[in-house]
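Trainee: Once you've had a glance at the structure underneath, I'll fire off some questions.
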Amino acid sequence: MRGAIITMKSKSNSLLTLPAIVSVAVVTQVLFLATIFLSFIKWIVIRPDLGKSFAGIKNYVWIFKAPETYQIIGNTILITALSLTLCLILGFCFSLLLNRRFPLRKLCRMFVLIPFFMTPAVIGIIWKTLLLHPSFGITGYISQIYNSAPIDFFGQHAFISIIILIVWQWTPFFVLIILAGLQGVNPEMIESAQIDGASSIRILFQIKIPALRYHIQVATMLGMIFILKVFGLIYVTTRGGPGFTTTNLPYQVFKISYYKWDIGQAASYATLMVAMSLIIIMVMFNFIQKQIKRLEI
Amino acid sequence: MKRFVILLVAVLFLGLTPLFSQIGIAEELAIATVNNPDMITMQKLSEEFTKDIGIKLSFIVLPENELRQKVTQDVALGAGKFDIVTIGTYDTPFWAANKWIVSLESYFKKMSVTELKEYNRDDFLSPVISALSLNGEQFAIPFYGESSMVFYRKDLFEKHGLTMPKAPTWEEIYQFAKVLHDPANNNYGIVLRGLPGWGQNMAVFGTMINAFGARWFDEKWHPQFDTQEMRNAFQFYKNIVTEVGEPGPTSVGFTEALALMSSGRTGMWYDATVAAGFLEGADSTVKGKVAYALAPSAKKENTGWLWAWSLAIESASKNKDAAFKFITWATSKNYIKLVGETLGWQQAPPGTRISTYENSSYQAAAPFATLTLDSMKNADYDKPTYDPVPYKGVQYVSIPEFQGLGEQVGQELAAYLSGTKDLESVIQACQKAALEVSKNGGYYKE
Amino acid sequence: MIWTTSKKAGDSMITFLTYVFCLAWVFPVYYMVITSFKVEESVIPPSLFINKFTLDNYAIIFDKTIFSHIVNSVTVTVISVLLCLAIGLPAAYRIVFGKMKNPANLYFWFISTQLLPPCAVLVPAFLIMRWMNLLDTRTGLILIYVGIHTPLIVWMVTSFFKDIPIEILEAADIDGCSKWNAFLKIIFPLSKPGIISSALLTFVFIWNEFFFAVNLSAIKANTLPVYMASFMTQEGLFWAKLSAISTITILIPVIFGIISQKALVEGLTMGAVKG
């Protein structure tokens, strides 16, 4: 509809989007096509004597035969699902708390948002060495005081520890979006509901949440795209271990590339990851659309 | 708005400076190195080199894993961005075979008779040099070398009436640790690395594998994880760490273990000989209280590992002569003397030259010198295991695929130590991974 | 009367709880910053306050090499963000105001490019950069960053453009205002907070980018996160120094993030997220 208001010649039109499409396409699509191409090749970088050869679908056969692949896929999905849920809940809570007027509100908001702007490597190291280390960290120290066995976070509870880190880093992202939505809710609606005697909880569920449905959708979709790709946190803390416990698809691609140096296999994992992410995103998107339609009726 | 524009122009100008910085540089060398204190010292003292010889140096310093990934990528994918690379005894043989680094023989030949005599190639420890050579030609020069040994608190030993033999066995170590273990007071019997990684927990466990008479592969390159000896090694490591070792072992690498030992929280520690320097340093609360013993044996003796960080010249380098000048400068007796005199003899790079160990100032500053030298001389690089094997390397298997295999086994060990996996599934997983490496790499013989 | 006082008490309770949660949330950052000022040996056993103050850690970090890393980070990030804006704004403009049959398709294509994890394309990226002789150059990094982060700008700015009331634009059109003038005098001013917040967010992402920076640089184009990597593990005690370099690394993006949070929240409030 807007297009009809400002008429433009279509030739000059496409010039506007061309540079963006070209640069993004070259960097992302071309590189991805190169990756797909590499997935059909056998090339082990550290064995130049074995040369490069065409491998057909052998790489894919290998990864689907390997039992760890399924654990890795499961990890990727589970880590994303759990982190997303926790981020949504925590993000909501913080947004509700920060939506009120109270002294030092801006300072509190700043505190909540800080983790989002930190490098994942820094986050991982801080949590692993300063906070959760069983010998030197604060939790280790606390258990020494209480004479109990220190909790080995990144050894025995590696999966949960990674999720804690992801949630700490990404909740601010959700807070940003949901808080923005809350601040856009019409205050008159809330006032009239309060006058009608509705409890805060009813207001929350029947006015605020429905008003935020688009915000929740965007936060979830984008959050999912970013959390599926989490790599830095795992790299710095558990290196995918112990065993394969915290290995997700991006980390596996890295491990195969830089420890096994099997470029073809790494590329197959990468292709698998993108295909899987695409499917998940489309499924989630349809699901959310349906939920929204339900709310509208 | 104006200020913004000025800022913008300034930034754009800075962005264009690389175009100008290429002009007029005499010779410049790019060096990739590890972030160990000895290397950082080399980085600092390299200004002396530039003053003397006039060649400028640019360093990139990274932790071991990141460095190895980066330089391997650089040589294997043909980028050639570095002139000098820091590689270990592990990398040198196959880097040489792949022609990623150049043989140094032709450069040694170009040295004058006096220079060569002054440099004295015979002064270097021979196990190290042979580990850095291929077909009789030397490809890298050791910058510092290490083996492994036991560190123990002589004051605690005296208190409990214990005596440490010069060459203890693992069983003896275990018994000592039981006496010393005092978790109520945050004091552990022994601390051992558990952090997953082929250069972390696997370095220590690798020597234990050899000590217990196990091996990675037999002479036909069939994997040997599914053996009683290997199971014994795994079980022993887990028992000693869980019963008389530190909590949360999978978060303890070299650095954390050093911190535990130097803050007086453990009675014993088995790890790299370079740690001795730190334990006698100013930071250490146990200075003067530490004594040393050879790496523990079991079925096999002489289990101490062998490692040397070494300097090599990339084949793609365009400044090979200048690079050779630098690497000989950094490994010369004069350099070691320079470190000794400016920073203290304790900081002198260990494990390379015999003359270092004959130097009285060094001996005075480093009470661990004799045992380090013994450990390195005894290291069984060529015949690391009890039964014969087709590979070399004490705490690793000298094949390129070991990076991946060792990393995987390290993760399995960590899973076993943290109780996430049981022994059988770990053994089977390791066996499977090793078999795949053996077959895919073309080593396997029927 | 009773109702208002209990409401006040309830309010104060909630405010107090808010303070507690926010402090607990930010505690790790606080702890990292104070550790950076502690003498290395006093880091263990951990304490909540600085027992032995020192600036030594920062002195060690601030040797000559850090400056080239800072310069690289600033140049690469600023130029990348400017380029992202330069090509992203026109794209967003067309999606919203141009005569496109299916703007949603292009919009979603941009978003889908974000599915690619950087580590997946590292080897092809390295090979192509080598072929183009762009390894270890700021230009190479800039090209990659622009390609990866432009969709973020497009996404955010599209939403802000969509919120400009139609009526204003209709009026301008009727008054005979040219498209360029309409952009300059109406669209741009109205969406400025949104554009600024998108730019700042992109700045933070590019500044923090570690993976491509480490692998596609050697000695000349290293950025600050790469410098930080060399302190990640070390022989010898290292926690205070690590905290110091971490504090420095996050200083700029956190400051920018704080400046932009007002714009971000207000910008997103403008109904930014209507699909």
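Trainee: Residues to consider are B:S112, B:S103, B:S130, B:S58; find the one that is of a type in the set (G, A, S) and either outside the structural domain of B:I354 (by TED's automatic domain parsing) or free of Cβ contacts under 8 Å to residues at least 24 places away in the same chain (or both).
Mentor: B:S112
Trainee: Got at least one residue in region C:136-152 being crowded, with 19+ Cβ neighbours inside 10 Å, in a loop (DSSP other than H, G, I, E, B) and either free of Cβ contacts under 8 Å to residues at least 40 places away in the same chain or among the acidic types (D, E) (or both)?
Mentor: Yes, there is a match, as at least one residue in region C:136-152 is crowded, with 19+ Cβ neighbours inside 10 Å, in a loop (DSSP other than H, G, I, E, B) and either free of Cβ contacts under 8 Å to residues at least 40 places away in the same chain or among the acidic types (D, E) (or both).
Trainee: When both residues are 6+ apart or on different chains and their Cβ atoms are under 9 Å apart, which pairs have a first residue that lies in region A:102-115 and is touching a residue at least 24 places away in the same chain (Cβ under 8 Å), and a second that is assigned to a loop (DSSP other than H, G, I, E, B)?
Mentor: none
Trainee: Of all residues in region C:160-189 being among the hydrophobic types (A, V, I, L, M, F, W, C) and not in a helix (DSSP H, G or I), which is farthest from A:Y214 (Cα to Cα)?
Mentor: C:C177
Trainee: A further question on this structure: Please determine, by comparing only the residues of region A:206-232 that are part of a helix (DSSP H, G or I) and over 17 Å from the mean Cα position of the chain (by Cα), which one is nearest to the other protein chains (Cβ to nearest Cβ).
Mentor: A:Y214
Trainee: How many residues are part of a strand (DSSP E or B) and among the β-branched types (V, I, T) if we restrict to region B:160-194?
Mentor: Going through region B:160-194 one residue at a time, the tally reaches 3.
Trainee: Could you tell me whether any residue of region B:124-139 is within 14 Å of chain C (Cβ to nearest Cβ) and either under 21 Å from the mean Cα position of the chain (by Cα) or over 22 Å from B:V204 (Cα atoms) (or both)?
Mentor: The answer is no, given that none of the residues of region B:124-139 is within 14 Å of chain C (Cβ to nearest Cβ) and either under 21 Å from the mean Cα position of the chain (by Cα) or over 22 Å from B:V204 (Cα atoms) (or both).
Trainee: Sort through A:Y251, A:Y259, A:Y235 and tell me the only one that's under 29 Å from A:I46 (Cβ atoms), more than 10 Å from chain C (Cβ to nearest Cβ) and among the hydroxyl-bearing types (S, T, Y).
Mentor: On the way: A:Y251 fails: more than 10 Å from chain C (Cβ to nearest Cβ); A:Y235 fails: more than 10 Å from chain C (Cβ to nearest Cβ).
After ruling out the rest, the residue left standing is A:Y259.
Yes or no, residue by residue, for (1) surrounded by 21 or more Cβ atoms within 10 Å (Cβ to Cβ); (2) among the hydroxyl-bearing types (S, T, Y):
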{"residue": "A:V230", "(1), (2)": "yes, no"}
{"residue": "A:P242", "(1), (2)": "yes, no"}
{"residue": "A:T245", "(1), (2)": "yes, yes"}
{"residue": "A:M282", "(1), (2)": "no, no"}
{"residue": "A:N286", "(1), (2)": "no, no"}
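Trainee: Assess whether B:K439 counts as being without any contact (Cβ under 8 Å) to a residue 12 or more places away in the chain, surrounded by fewer than 21 Cβ atoms within 10 Å (Cβ to Cβ), out of contact with any Asp or Glu (no Cβ under 7 Å at 6 or more places or on another chain) and outside any loop (DSSP other than H, G, I, E, B).
Mentor: yes
Trainee: Turning to a different aspect of this structure: Collect the residues in region A:1-20 that are modelled with pLDDT of 80 or more and crowded, with 19+ Cβ neighbours inside 10 Å, keeping them in residue-number order.
Mentor: A:A20
Trainee: Now for a different question. Regarding region B:226-237, can at least one residue be identified that is within 19 Å of B:A257 (Cβ to Cβ), buried (at least 24 other Cβ atoms within 10 Å of the Cβ) and assigned by TED's automatic domain parsing to the domain that holds B:G267?
Mentor: Yes: one or more hits.
Trainee: Restricting attention to region A:184-205, does a residue exist that is away from every other protein chain (no Cβ under 11 Å), among the acidic types (D, E) and in a helix (DSSP H, G or I)? First the steps, then the outcome.
Mentor: Just the residues of region A:184-205 that are away from every other protein chain (no Cβ under 11 Å), to begin with: A:186-199, A:201-205.
Filter again for among the acidic types (D, E), leaving A:188, A:191, A:196.
Filter once more, so that each one left must be in a helix (DSSP H, G or I): A:188, A:191.
Within region A:184-205, one or more residues are away from every other protein chain (no Cβ under 11 Å), among the acidic types (D, E) and in a helix (DSSP H, G or I).
Trainee: Here are the criteria: (1) within 31 Å of the chain's Cα centre (by Cα); (2) in contact (Cβ under 8 Å) with a residue 40 or more places away in the chain; (3) away from chain A (no Cβ under 12 Å). Tell me which single one C:V39 does not satisfy.
Mentor: Only one criterion in (1) within 31 Å of the chain's Cα centre (by Cα); (2) in contact (Cβ under 8 Å) with a residue 40 or more places away in the chain; (3) away from chain A (no Cβ under 12 Å) is unmet by C:V39, namely (1).
Trainee: Condition first: small (G, A, S), closer than 22 Å to A:I225 by Cβ and within 9 Å of chain A (Cβ to nearest Cβ). Now tell me which residues in region C:75-132 satisfy that.
Mentor: Scanning region C:75-132 gives C:G88, C:A91, C:A92, C:S112, C:A120, C:A125.
Trainee: Pull out all pairs, ordered by first then second residue, where Cβ-Cβ is under 7 Å, the residues are six or more apart or on different chains, the first lies in region A:35-57 and is within 14 Å of chain B (Cβ to nearest Cβ) and without any contact (Cβ under 8 Å) to a residue 40 or more places away in the chain, and the second is β-branched (V, I, T) and surrounded by fewer than 19 Cβ atoms within 10 Å (Cβ to Cβ).
Mentor: Every condition considered, the pairs that remain are A:K52/A:I41.
Trainee: Now for a different question. Residue check, C:V157 against (1) touching a residue at least 24 places away in the same chain (Cβ under 8 Å); (2) in a helix (DSSP H, G or I); (3) within 21 Å of A:T237 (Cα to Cα), all met but one. Which one?
Mentor: The number of the failed condition is (3).
Trainee: Where in region B:195-263 are there helices (runs of 4 or more DSSP H), lying fully within it, with 1 or more residues that are under 21 Å from B:E171 (Cβ atoms) and without any contact (Cβ under 8 Å) to a residue 24 or more places away in the chain? If you could, list the steps in order and put the result at the bottom.
Mentor: Numbers: elements: B:201-211, B:228-244, B:254-262.
Once the helices (runs of 4 or more DSSP H) in region B:195-263 are filtered for at least 1 residues that are under 21 Å from B:E171 (Cβ atoms) and without any contact (Cβ under 8 Å) to a residue 24 or more places away in the chain, what remains is B:228-244.
Trainee: Here's something else I'd like to know. So which of C:L184, C:L251, C:L224 ends up being free of Cβ contacts under 8 Å to residues at least 40 places away in the same chain, more than 7 Å from every other protein chain (Cβ to nearest Cβ) and closer than 30 Å to B:L258 by Cβ?
Mentor: Values: C:L184 fails: closer than 30 Å to B:L258 by Cβ; C:L224 fails: free of Cβ contacts under 8 Å to residues at least 40 places away in the same chain.
None of the other options fit; the residue is C:L251.
Trainee: Okay, next question. Give just the number: which of (1) on the phi < 0 side of the Ramachandran plot; (2) crowded, with 23+ Cβ neighbours inside 10 Å; (3) at the interface with another protein chain (Cβ under 8 Å from one of its Cβ atoms) does A:L278 not satisfy?
Mentor: It is condition (2) that A:L278 fails.
Conditions tested, residue by residue: (1) surrounded by 11 or more Cβ atoms within 10 Å (Cβ to Cβ); (2) farther than 24 Å from B:L258 by Cα; (3) without any contact (Cβ under 8 Å) to a residue 40 or more places away in the chain.
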position: C:W25; (1), (2), (3): yes, yes, yes
position: C:Y31; (1), (2), (3): yes, no, yes
position: C:P46; (1), (2), (3): yes, no, yes
position: C:K52; (1), (2), (3): yes, no, yes
position: C:I61; (1), (2), (3): yes, no, no
position: C:S68; (1), (2), (3): yes, yes, no
position: C:V71; (1), (2), (3): yes, yes, yes
position: C:V78; (1), (2), (3): yes, yes, no
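Trainee: Got a sec? Which helices (runs of 4 or more DSSP H) wholly within region A:64-158 have at least 2 residues that are within 14 Å of chain B (Cβ to nearest Cβ)?
Mentor: It comes to A:67-98, A:120-125, A:138-145, A:153-156.
Trainee: Also, I was wondering about something else. Quick check on region B:275-296: of everything there that is within 14 Å of chain C (Cβ to nearest Cβ), in contact (Cβ under 8 Å) with a residue 24 or more places away in the chain and of a type in the set (A, V, I, L, M, F, W, C), which residue is farthest from C:I44 (Cα to Cα)?
Mentor: Ranking the qualifying residues of region B:275-296, first place goes to B:A276.
Trainee: Take the conditions within 22 Å of B:K432 (Cβ to Cβ) and either surrounded by 22 or more Cβ atoms within 10 Å (Cβ to Cβ) or outside the structural domain of B:L423 (by TED's automatic domain parsing) (or both) and apply them to B:A214. Does it pass?
Mentor: Taking the combined requirement at face value, the residue satisfies it.
Trainee: Of all residues in region B:410-427, count the ones that are surrounded by fewer than 24 Cβ atoms within 10 Å (Cβ to Cβ) and of a type outside the set (S, T, Y).
Mentor: Number of matching residues: 6.
Trainee: On to the next question. Between residues in region A:232-246 that are basic (K, R) and residues that are part of a loop (DSSP other than H, G, I, E, B), which pairs lie under 8 Å by C-beta distance while being six or more apart or on different chains?
Mentor: Correct list of pairs: A:R239/B:P196; A:R239/B:G197.
Trainee: Then there is this: When you go through B:S361, B:S375 one by one, which is the residue that is under 13 Å from B:T273 (Cα atoms), assigned to a helix (DSSP H, G or I) and either modelled with pLDDT under 90 or not assigned by TED's automatic domain parsing to the domain that holds B:A272 (or both)?
Mentor: It is B:S375.
The values are calculated or read from the model by the stated rules, or taken from the named source; none is laboratory data. Since this is a predicted model, take the numbers as computed values, not measurements. All Cβ positions, glycine included, derive from the backbone under ideal geometry; neighbour counts span all protein chains shown.
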